[in-house]
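Worksheet: the structure to be examined is printed underneath.
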Protein chains: 2
Amino acid sequence: MTSTMTSQHAFDSAVALTPDGAGNFSGRTTPEYANMVGPFGGITAATMLAAVQQHPQCLGDPVSLTVNYAGPIAEGPFTIAAQPVRTNRTTQHWTLSMSQDGIVATTATAVFGTRRETWTSTEAAAPSAPPPHTIGPDPLPGVIAWVGNYEMRFIEGGVTELDGGAAQPSSTTTLWVRDQPARPLDYPALTALSDVFFPRVMLRLGRVVPAGTVTLTVYFHADTDRLAAQSDHPLLATARSQHFGNGFFDQAAELWAHDGGLLATSHQLVYFKA
Amino acid sequence: MTSTMTSQHAFDSAVALTPDGAGNFSGRTTPEYANMVGPFGGITAATMLAAVQQHPQCLGDPVSLTVNYAGPIAEGPFTIAAQPVRTNRTTQHWTLSMSQDGIVATTATAVFGTRRETWTSTEAAAPSAPPPHTIGPDPLPGVIAWVGNYEMRFIEGGVTELDGGAAQPSSTTTLWVRDQPARPLDYPALTALSDVFFPRVMLRLGRVVPAGTVTLTVYFHADTDRLAAQSDHPLLATARSQHFGNGFFDQAAELWAHDGGLLATSHQLVYFKA
């Protein structure tokens, strides 16, 4: 089960699926991507996307993905059912669910599509950041396994600000991040990277509180050429919240290429107690 | 079929559903909310949310909603199937589909939940805007029916900038908006309002081009007390895009209360040709 025994990257082991030929896929959680309870939400989202990509009826590339974390995922095997609900000329719509022992733990919808050259403009601006090699990777607390699979170089709002216990006026975190060991970027890896930020409420409050993503949406702006150009370079990732209250907060994230293109934007709503 | 024949608001007629007692609901499109092709996407999203609210197993209030526009909706009757996939202590997860003649036109997932008092903070800032009564409502082009159901007072990026044919450097539109005639705000109406912006690509290019929402997500920040306080006051609504390219662009929207609270944030990915 350990990735050191084979040449396969831990990420590829974690999203590996066995198809039954009828739109169902078997997988299992891996210890490398364990979170406090169950697996890292980003790896679950990546696995849902991978199921669509491996479905024999899949057309085109990912355009959007929404994953709803309906219940805890236990360590061990799971099944993903992927259904192509509707196929159009440009887009294909998918409905998915992940179950364990017949109980749904995660639901998702995905849109795949054909990208065609059009007018293009990036209106958002990447945060200013020094080059990744000028920032030392942060030694992250070892209690959570999945963070060990990411090289994180924090520019703003790092985890060290959790230790100090000081409340922060801003929920923004900006970092250079990539898989560790480095791995060429693909859509599942980009999906997982969009969930790589620790809960914004902890940054604001300066302490660890219970929090868990309820729903995550990723909009994929990069085509396969852009992913290939990014390869295993670090991504510039930034996230912030707009509102916290009544037990929920939102998070908006941007994932930028090493040379400035916008690869993906992502949104999530997170449950918290504080 | 016209709302003038009864005292019912056209919005309530449009989202009206008849339950079959087994989680299926019958409805029909109304001419008042017609778009260029099929109904206004906002009214479809509102109707999906209304189906959950009317389901006998519904617990709590809307927390998030994602609607995927899988195919065109024809004028006439439709069926919504709403399934409570999982109910937890704080959240309830729903999967929905809207069909016509057995063909799925729209899919959705929703999270409902119980709101509890917690630490609260609004980090986003409302755009600056003069009071609504100081801005004349825009006479909107009469070709699209649904816009007649909204009172729109544009502060920035109005529809008049589509006529001039001048490309704009910013995709931001900000307006005061409410149902017309005025109607107390509820979650379905808030859902529809989150889709009230014309496609951002048209503002940037200064001309009308083919465009249609592929997927829409709404995060509800307002509890029922906030909705009651908002009543039928205009909302301050703002939307902008981060990236346009390869036939798709995103839109991020914020819906602010008349007195400054953040009622909802919303995101969508839109197909376009230009």
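Kindly indicate whether any position in the stretch A:79-94 is of a type in the set (K, R), open to solvent by 30 Å² or more (accessible area, probe 1.4 Å) and part of a loop (DSSP other than H, G, I, E, B). Working first, answer last.
First pass over the stretch A:79-94, keeping only residues of a type in the set (K, R): A:86, A:89.
From what's left, open to solvent by 30 Å² or more (accessible area, probe 1.4 Å): A:86, A:89.
After this cut, where a residue has to be part of a loop (DSSP other than H, G, I, E, B) as well, the list is A:89.
Yes, the stretch A:79-94 contains at least one residue that is of a type in the set (K, R), open to solvent by 30 Å² or more (accessible area, probe 1.4 Å) and part of a loop (DSSP other than H, G, I, E, B).
Taken over the stretch A:168-193, the criterion of being among the β-branched types (V, I, T) and more than 15 Å from the chain's Cα centre (by Cα) is satisfied by A:T172, A:T173, A:T174.
When only residues in the stretch A:215-242 that are within 22 Å of A:S170 (Cα to Cα) and in contact (Cβ under 8 Å) with a residue 12 or more places away in the chain count, which is most open to solvent (accessible area, probe 1.4 Å)? The extreme case among them is A:R240. Say whether the condition of being within 17 Å of B:V159 (Cα to Cα) and at the interface with chain A (Cβ under 9 Å from one of its Cβ atoms) is met by at least one residue in the stretch B:242-260. No, there is no match, as no residue in the stretch B:242-260 is within 17 Å of B:V159 (Cα to Cα) and at the interface with chain A (Cβ under 9 Å from one of its Cβ atoms). Annotation: of all residues in the stretch B:118-137 being open to solvent by 50 Å² or more (accessible area, probe 1.4 Å) and closer than 26 Å to B:Q92 by Cβ, the one that is nearest to the chain's Cα centre (by Cα) is B:T122. For the stretch B:218-261, the set of residues classified as of a type in the set (G, A, S) and assigned to a helix (DSSP H, G or I) consists of B:A228, B:A229, listed by residue number. I'd like the full set of residues that are in a helix (DSSP H, G or I), crowded, with 22+ Cβ neighbours inside 10 Å and either without any contact (Cβ under 8 Å) to a residue 24 or more places away in the chain or not hydrophobic (A, V, I, L, M, F, W, C) (or both), limited to the stretch B:13-40. Across the stretch B:13-40, the qualifying residue is only B:Y33. Test B:R115 against the stated conditions and say whether it is open to solvent by less than 40 Å² (accessible area, probe 1.4 Å), basic (K, R) and either modelled with pLDDT of 95 or more or touching a His at 6+ places or on another chain (Cβ under 6 Å) (or both). Considered against the rule, which asks whether it is open to solvent by less than 40 Å² (accessible area, probe 1.4 Å), basic (K, R) and either modelled with pLDDT of 95 or more or touching a His at 6+ places or on another chain (Cβ under 6 Å) (or both), B:R115 comes out as no. Cβ-Cβ contacts under 7 Å between residues 6 or more apart (or on different chains), taken from a first residue in the stretch B:63-78 that is farther than 12 Å from B:V52 by Cβ to a second residue that is open to solvent by 20 Å² or more (accessible area, probe 1.4 Å) and of a type in the set (K, R), are listed as B:A70/A:R86; B:G71/A:R86; B:G76/B:R28; B:P77/B:R28; B:F78/B:R28. Residues that are at pLDDT below 95, surrounded by fewer than 18 Cβ atoms within 10 Å (Cβ to Cβ) and out of contact with any Gly (no Cβ under 8 Å at 6 or more places or on another chain) were ranked within the stretch B:159-206; the one that is nearest to B:L236 (Cα to Cα) is B:T160.
Over 30 Å from A:S7 (Cα atoms), within 19 Å of the chain's Cα centre (by Cα) and more than 14 Å from chain B (Cβ to nearest Cβ): which single residue out of A:V196, A:V111, A:V159 fits that description?
Values: A:V196 fails: over 30 Å from A:S7 (Cα atoms); A:V111 fails: more than 14 Å from chain B (Cβ to nearest Cβ).
Exactly one residue qualifies, and that residue is A:V159.
The values are calculated or read from the model by the stated rules, or taken from the named source; none is laboratory data. What you see is a predicted model; the values in this text were computed from it and never measured. So basically every Cβ, Gly included, is an ideal-geometry build from the backbone, and we count neighbours across all protein chains shown. Ligands, DNA and RNA are excluded from the accessible area calculation, which covers all protein heavy atoms including side chains. Shrake-Rupley method; radii C 1.70, N 1.55, O 1.52, S 1.80 Å.
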